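Q: My questions will all concern the structure given below.
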Amino acid sequence: MADHKVGFALKHRAAICVDMESMMSINARRRQFLQLNFHHPVPFGTGDDGPCGGIQVYEGAQRVRGDSRYRPDRIVRFTEFEASPRDPWPEHNIHAEKREELEEEEAQATKEVERPNFKIYSR
């Protein structure tokens, strides 16, 4: 029941914001939008600019990793400083255990994709 109340309160706040924005002139809306800096990239890390059009929010590692939906990042990031096209291609230094673990996950994912998701019923 409390979740419904919170959802209703957030929906009501959003409606108030939309009503207030509709009273603003186009120039005022444009200035406010430009102040949000959506045209600047949101960096993932040092040297990795990331995509434009977002607002960066930092979350604590414990909060993220403590969530039941957390899955470890499988992207191997090689650059620690400025990324450049002139940088040498990275060498793979993945330990044998980690490689075996990744191969097992890949085999499991392949099985799940190949398994049919429907049942055949006979009359």
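The values are calculated or read from the model by the stated rules, or taken from the named source; none is laboratory data. Only a predicted model underlies this, so the values are computations on that prediction, with no experimental measurement involved.
Q: Which residue, of VAL64, VAL57, is closer than 30 Å to GLU105 by Cα, hydrophobic (A, V, I, L, M, F, W, C) and under 26 Å from the mean Cα position of the chain (by Cα)?
A: The unique qualifying residue is VAL64.
Q: Looking at (1) over 30 Å from LEU102 (Cα atoms); (2) at pLDDT 80 or above, which is the one condition that is false for ARG69?
A: (1)
Q: In the range 21-36, what residues are part of a helix (DSSP H, G or I) and within 30 Å of the chain's Cα centre (by Cα)?
A: GLU21, ARG29, ARG30, ARG31, GLN32, PHE33, LEU34, GLN35
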